[in-house]
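Okay, structure first, notes after.
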Amino acid sequence: MNRVRHRRGAEIEGAAARRFDLRRLLALIRKESLQAWRDPSTLLIAFVLPAVLLFLFAYAVSLDVRRVRIGLVLESQGASAQALAAAFAATPYLDVTFARDRRELTGKIVSGALRGYVVIPQDFEHRLAEPGGRPLTQVITDGSLPNTASFVASYAQGVVQTWRAGAGPEAPRAALVLEPRYWFNAELESRRSLVPGAIAIVMTIIGTMLTALVVAREWERGTMEAVLSTPASVAEILIGKLSPYFVLGMLSTLAAAGLAIFVFQVPLRGSLPALLVLSAVFMVPALGQGLLISSLARNQFLAAQIALFSGFLPAFMLSGFLFEIDSMPVWIRAITFLVPARYFVASLKTVFLAGDIGSVFLPNLLTMAAIGLVFFLLAKRATRKSLE
């Protein structure tokens, strides 16, 4: 009887010790905050790396097509051919090199010095006078860069059509002039699309990779076993571990948003509270994924590799940050629905370029929260309150 009472008393005492205790939680948060503050690598990843990445994506990476190097073979000496050549030279999108013979430019195409060339033939004046006759010019492009080749061909044709409609001799004047306008990014600057997406990459690094590395480091050093041997519950340990990195992530988001607005001139047409709410919800799956990785891989090298392949690369490749999701194969598009960064990138582009649009934010917020909940449940299950 005494043994039964003693056992029940121990079970009651153990259950009481494992109840959620706010003072214990605050002590764990303080411990983790001091540990993060004293770790230079953590501060470098949280504040220096985001700034470097944003500068790279803002200045080194560009999807804008500007000053494409092409050649212009001017075989005709007529006035109309000279006027068309001047139209090519005047456009800011092309950097034109003139030649009299196409053989002068063939070697430059092979070496990559030019991306293509346009030939204005000797009989250009006769072709221009023929109603509905042969093509006026020939366009040859370097197909090793398909996007640039397509741009050169399309833009060269556009220059010829615009010149013929507005300045070509005996050409009918256009009765209607079309003026294209673009919503959300009127200047078509890729920086305004890349910088908000880069913030999602930064948050993924801080939330997933940093959490996985820090917790895995504790497993390697044996301090995690000491934490697990305390009366703290699993929920207290998880919240205490992640709270400092949540704060770091939010501070990094504010710093990145400040750089985007004041340094890179990306407009924030939405509100700052909306940006913070989106970032806070995205940190849930990011931190949960990092914690799950550290629970399964208890050394830093393996945790870094898993975080790279399951966190950073999907966020970079499958989120719509650089590559259009609609252009991907169907089975790849299906995988993107499991990538939290997909919903965060879309929300960031919306809040920066369009404004606060609840019909876009709400589904993305719910999906990110659901994915984060799954990660945390799996991480809690994998984190055992034992020394095994």
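Bear in mind that the values in this text are calculations on the coordinates, not laboratory data. As the structure is a prediction and not an experimental result, all values here were calculated from the model. Ideal geometry is used to build each Cβ from the backbone, glycine not excepted, and the neighbour counts take in all protein chains shown.
Quick notes on this structure:
- Here semi-axes √(5λ) of the Cα gyration tensor in Å was computed from the coordinates, and among (1) 61, 20, 17; (2) 47, 25, 18; (3) 68, 23, 15 the match is (1).
- Sorted peptide list for 29-40, 280-291, criterion being average Cβ within 10 angstrom, highest first: 280-291, 29-40
- Anisotropy class of the stretch 269-367 from Cα gyration tensor, a/c 1.5 cut: oblate
- Radius of gyration over Kirkwood radius for the stretch 38-140, both on Cα atoms: the Rg/Rh ratio is 1.33.
- At least 24 Å along the helix axis (C-alpha) and Kyte average at least 1.6, DSSP helices within the chain: 272-296
- Residues whose amide H falls under 5 Å from that of Thr230, counting only those 5 or more places apart or on a different chain, are absent, with hydrogens built in the peptide plane.
- Among Ala354, Leu25, Val159 - extreme Cα towards positive end, dipole of the chain, charges at beta-carbon: Leu25
- The chain: calculated mean residue ellipticity at 222 nm from DSSP helix runs of at least 4, using -39500 (n - 2.57): -19000 deg cm²/dmol
- Approximating the spin labels as points 7 Å out from Cα along Cα→Cβ, the Thr230-to-Leu378 distance works out to 2.8 nm.
- Residues Met317 and Met250, FRET efficiency given R0 of 30 Å [Cβ-Cβ distance, rounded to 0.05]: 0.70
- 5 angstrom amide H check on Arg69, placed H, neighbours 5+ away: Asp95, Arg115
- Ordering 88-101, 205-218 by mean Cβ neighbour count within 10 Å, with the highest value first, yields 205-218, 88-101.
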